Each structure stands twice: as structure tokens, then as C-alpha cells.
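Single-structure report; data block below.
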Amino acid sequence: MRTIGSQHLSVLGLTFRRLANTPLASFLNILVIGVALSLPVAAYVLVKNVQSLAVEFAGEPQISVFLEMNTSKDDIARISKKLKDHGAIDSIEFVPRDLALKQLEQSTGLADVAGGLTQNPLPDAFIIHPLEMDSSKLELLRDDLKSWSKFEHVQLDSVWAKKLEAILKFVRQAVWILAMLLSFALIAITFNTIRLQILTKRDEIEVSKLIGASNAFICRPFLYFGLLQGLLGGVAAWLIVGGGLLALNQNLLVLSQIYATNLILHHLSLRDSLVLVGFSAYLGWFGAWLSASQHIWKVEPQ
């Protein structure tokens with residue numbers, strides 16, 4: 001095990017030296033990979049930020065439940081407990097009919113008209129905050145609540161949620177298509193880079209085969225090179241997107257002051273960052289494997 005580990009460490013050190021021996025070419029290859037990956041990553045980051053900002057400005061979807069006029073306090077307590085125990089509900093707010101009338105008077109300025117009423121025409125109500133913001137799940141919850149007793153009317157304001165979800169779904173599909181196309185481009189870049197290296201080191205490969213080295217052993221440095229180049233390309237993409245967000249946040253600071261709100265674009269989470277770097281490293285390794293497996297076996301000692 002120690003021998004295998006030392007061999008891999010030796011190959012990894014050799015890979016770093018290869019990158020260092022051609023700094024300009026290595027930097028340009030890593031930069032090209034970083035720029036290619038930064039396009040779908042930046043689009044993904046913007047989609048996530050737009051979604052969170054839209055929820056912040058428009059508010060989360062709520063379900064308003066209006067009770068029947070003859071609902072007793074015991075019924076209200078029973079319904080309140082049942083709503084709190086519901087698996088799809090995050091929290092609830094009870095709005096008594098008297099409070100609802102006062103809020104109506106304040107919001108409309110019709111205090112004189114309301115004061116002339118012989119009785120309060122408004123019912124008691126619950127404001128429900130769902131756990132899930134998906135429009136289909138909101139509609140399922142609304143339909144479920146409609147079947148409950150003592151509920152006169154159940155209202156869901158999810159039109160904006162449907163529109164936002166449709167737009168974001170379209171953008172996410174476009175991002176995935178762009179990501180797949182640029183992933184093929186990354187594989188092609190690595191494939192060509194490894195092919196050129198194999199052609200350059202053809203004599204070394206022939207000597208290695210003469211002394212009994214297997215194809216797997218000869219492929220190993222090239223696989224590490226592709227893996228490391230892909231990993232550094234992922235890091236470069238992360239830095240490029242981070243720099244772009246930093247510049248955009250400087251301009252958003254002015255808008256935040258104008259609208260008296262906190263506007264900020266957030267970078268990738270730790271999980272998403274690790275996925276980016278890991279996926280980029282895998283694409284680099286896969287491109288190197290394709291190239292090495294196709295070209296090294298063709299090299300035979302003369």
C-alpha cells in the first residue's frame with residue numbers, strides 16, 4: 001500500500017512540475033476552462049439570486065382561510081391545532097374578525113362607514129404559511145383545506161409564483177443545455193492537450209514499454225494532468241464568478257440605498273462550490289482518459 005501511495009504521490013509531483021515548466025500554456029488552458037465553466041455557473045448563481053430576491057420583494061405565497069360566521073371558539077381552537085399539526089404547513093396566524101375590521105378601516109379610511117354598521121360582516125380567518133413554495137404543492141394544500149369543515153372560503157394567491165416558476169424553469173433548462181455544451185468543450189480541450197503531450201513524449205513512452213511498463217502505468221501521469229487541470233479550471237471559474245458578483249454588488253449597494261433595502265447577490269454555497277470543482281476535475285480526468293486510452297496503445301516500440 002505504501003508503494004502504491006508513494007507512486008501516486010510521485011506522479012502527482014511530476015504533474016505539478018509539468019504545469020510549472022510551461023506556465024503560460026498551463027495558465028491559458030486553465031483560464032479557458034475557467035471562462036467556459038463560469039458562463040453556466042454565473043447563470044446558475046443569478047437564477048438562484050433572482051428567485052430569492054423575488055420572494056423577498058413579492059412575499060411568500062400565503063393561503064387565507066375564512067371561517068363560517070357561526071364558528072365557535074372551541075371550533076377555532078380545534079382547527080388551530082389541526083393546522084399546526086399539518087405536515088405541509090410551516091406556521092399559521094389567526095386574525096379575529098374584530099381585528100380584521102380595524103385593519104380594513106385603517107387601510108381604506110372608511111372608519112365612518114364601518115362605524116355605522118350594526119354588526120361586523122367580516123369572518124374570523126387564518127393566514128397559513130406553507131412549507132413548500134412550489135405552485136403545484138400549494139394548490140394541493142389549498143384543495144385539501146377546502147374539504148375541511150367550518151371553512152367558508154380558501155384563497156391562494158399564487159399567480160406570481162406560477163409565473164416566476166415558469167420563467168425560472170425555462171432559464172434553468174437553458175443553463176443545463178449551456179452547461180452540457182461547455183462540458184463537451186472542456187473535454188475536447190483536455191483531449192487535445194493530452195494528445196499533444198503524448199505526441200511530444202512518444203520516445204519516452206516507447207522506452208517505457210520496452211522496459212515492461214503497462215499502458216495503465218503510462219497513462220497515469222496524463223490522467224493526473226487532466227484531473228489537476230480540470231480542478232484548477234473549476235477554481236478559476238469560481239474566482240471569475242466571485243469577482244463578477246463582487247463588482248455587481250458594488251453597484252447594487254447604490255440601489256439598496258435608494259430603495260432602502262438590502263440587495264446583495266450571494267455566491268455559490270459550500271456544497272455547490274465543491275460540486276463545481278469536483279465536476280470540473282472529473283471532466284478533465286475523463287478527457288485525459290479518452291485521449292490517453294486512444295493514443296497510448298497505438299505507440300509501439302520500434
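The values are calculated or read from the model by the stated rules, or taken from the named source; none is laboratory data. Since the model is a prediction, treat every value here as computed from it, not as a measurement. Neighbour counts run over all protein chains shown; Cβ positions are idealised from the backbone, glycine included.
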**Complete:** When region 102-126 is checked residue by residue, the ones that are part of a helix (DSSP H, G or I) and modelled with pLDDT of 70 or more are K102
**Residue satisfying all of: in region 177-207; free of Cβ contacts under 8 Å to residues at least 40 places away in the same chain and under 30 Å from D134 (Cβ atoms); farthest from the chain's Cα centre (by Cα) among these** = L181
**Message:** With the requirement that a residue be out of contact with any Leu (no Cβ under 7 Å at 6 or more places or on another chain), surrounded by 15 or more Cβ atoms within 10 Å (Cβ to Cβ) and aliphatic (A, V, I, L, M), what does region 130-160 give you?
**Reply:** M133, L141, L145
**Asked** T200: surrounded by 15 or more Cβ atoms within 10 Å (Cβ to Cβ), in the same structural domain as I30 (by TED's automatic domain parsing) and within 25 Å of A25 (Cβ to Cβ), yes or no?
**Response** no
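Listed here are the residues, each with its yes/no results for (1) in a helix (DSSP H, G or I); (2) small (G, A, S); (3) modelled with pLDDT under 85; (4) surrounded by 15 or more Cβ atoms within 10 Å (Cβ to Cβ).
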residue	(1), (2), (3), (4)
F184	yes, no, no, no
L196	yes, no, no, no
G212	no, yes, yes, no
R220	yes, no, yes, yes
L227	yes, no, no, yes
L231	yes, no, no, yes
W238	yes, no, no, yes
G244	yes, yes, no, yes
L255	yes, no, yes, no
**Criterion (closer than 30 Å to Y44 by Cβ and part of a strand (DSSP E or B)) met by exactly one of H129, H153** = H129
**Prompt:** In region 211-240, how many are touching a helix residue (DSSP H, G or I) at 6+ places or on another chain (Cβ under 8 Å) and closer than 19 Å to Q197 by Cβ?
**Reply:** 18
**Message:** Condition (residue is at pLDDT below 75, more than 28 Å from the chain's Cα centre (by Cα) and surrounded by 15 or more Cβ atoms within 10 Å (Cβ to Cβ)) applied to region 289-299: is it met by at least one residue?
**Reply:** yes
**Request:** Identify the residue in region 1-56 that is surrounded by 17 or more Cβ atoms within 10 Å (Cβ to Cβ) and among the polar types (S, T, N, Q) and, among all such residues, is modelled with the highest pLDDT.
**Result:** S38
**Prompt:** Can we say N262 is surrounded by 14 or more Cβ atoms within 10 Å (Cβ to Cβ), over 25 Å from T190 (Cα atoms), within 24 Å of the chain's Cα centre (by Cα) and assigned by TED's automatic domain parsing to the domain that holds L14?
**Reply:** no
